[in-house]
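The values are calculated or read from the model by the stated rules, or taken from the named source; none is laboratory data. Keep in mind that what you see is a predicted model, and the values were worked out from it rather than measured. Positions of Cβ are generated from backbone atoms using ideal geometry, with glycine treated the same way; all protein chains shown enter the neighbour counts. Protein only, heavy atoms only, side chains kept; ligands, DNA and RNA dropped before computing areas. Shrake-Rupley method; radii C 1.70, N 1.55, O 1.52, S 1.80 Å.
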Amino acid sequence: MLVAMANNKLIMASAVMGDVGPFICPCCRLPVIYKHGNYRIPHFSHKAKANCFGFSENESQSHLKGKLTFQRQLTAIGCHVEIEVTMAAIEQRADVFLPDDRVVLEYQCSPISFTEIHRRTVNYHQLDNDVIWILGDYHRAKALRSEMVAKFAKFQAQLGFYIIFYSAVNDQFWLFYQLKEVAGKIERQTRQFETLPKVLDFMKHYRQPTTKSQIQNKVSLLNQLRRIQQSNVLRNNTYRDMVAACYQSGKLFVGCPMVCHDKWWIGTPVFKQSILCWKVWIVLELFERREVMCLINS
């Protein structure tokens with residue numbers, strides 16, 4: 001761990017000078033030892049094996065370096081940054097905490113189960129903190145598979161699903177974004193960065209470029225809306241059942257939400273009716289369930 005208490009004050013291991021001590025763990029209040037050397041980042045370690053929920057005795061040098069790197073780079077741009085913050089209410093210790101933004105950065109350098117990731121994330125959310133997982137060299141060296149995406153990916157409207165990596169060996173960041181599964185394979189876009197603030201700035205200002213296919217999709221959407229209206233006027237059978245279902249729910253089929261028209265469902269199974277009808281049916285079910293819940297709650 002990088003922080004301890006001396007004379008009832010928190011002190012960073014990197015700030016220890018001269019004969020200062022004794023040192024106490026801020027979490028379990030047991031004695032800890034200051035360690036440093038030519039090939040070792042200054043840190044504190046428990047004198048004996050302790051049952052301390054906040055700190056791990058086998059923390060790697062890469063993990064230590066990563067936390068210090070995040071703190072240094074974010075502090076340089078004016079962020080208030082705290083490391084190894086013990087949150088006693090949930091019995092967890094945040095690797096890096098930005099209290100002004102209520103954001104926790106977890107630097108994961110070793111294997112971890114989905115259950116544990118979920119538990120920690122939910123706990124942070126209980127304290128109104130968002131959490132971003134940044135993966136180390138262990139995960140960077142592995143193939144990008146669905147399991148990794150399910151564990152660590154976050155979603156942002158413009159970036160889509162994304163994962164951040166930091167290599168303590170190369171001192172480099174990578175951002176994998178627009179993650180999606182195509183024919184059983186995870187596809188992505190990749191950007192490399194020198195610092196974490198540059199990663200966050202890119203994420204903040206990124207806007208998905210308008211492509212030729214997107215323009216074509218808008219034209220297709222207008223054509224589809226025109227066909228729906230014409231079909232209703234001519235009383236064709238194509239959308240008759242769905243028009244009737246919408247009418248029974250007090251809705252108009254021609255006014256279905258735009259999400260029903262998007263192209264995200266390319267590659268889905270073939271349905272008996274058009275994919276548009278299937279999505280409208282889903283929306284109607286959601287509306288009905290919400291109205292039932294409103295009646296129950298009232």
In this structure, the FRET efficiency calculated for Arg226 and Glu181 from their beta-carbon separation, with R0 = 41 Å, to the nearest 0.05, is 0.80
Under a 1.4 Å probe, counting only protein heavy atoms, Arg29 has an accessible area in Å², nearest 10, of 140
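Could you sort the peptides 243-250, 193-200 by per-residue average Cβ neighbour count (10 Å cutoff), highest mean leading?
Numbers: 243-250: 13.8, 193-200: 18.2.
For the peptides 243-250, 193-200, the packing ranking is 193-200, 243-250.
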Checked against a 19 Å limit on the C-alpha separation, the offending pairs among Lys142/Lys198; Lys35/Lys67; Lys67/Lys142; Lys154/Lys180; Lys67/Lys204; Lys67/Lys180 are Lys142/Lys198; Lys67/Lys142; Lys67/Lys204; Lys67/Lys180
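So if each residue of separation counts as 0.36 nm, and I subtract the Cα-Cα distance between Thr190 and Ser167, what length gain in nm does that give?
On the way: separation 23, 0.36 × 23 = 8.28 nm, distance 1.48 nm.
My answer for the length gained is 6.8 nm.
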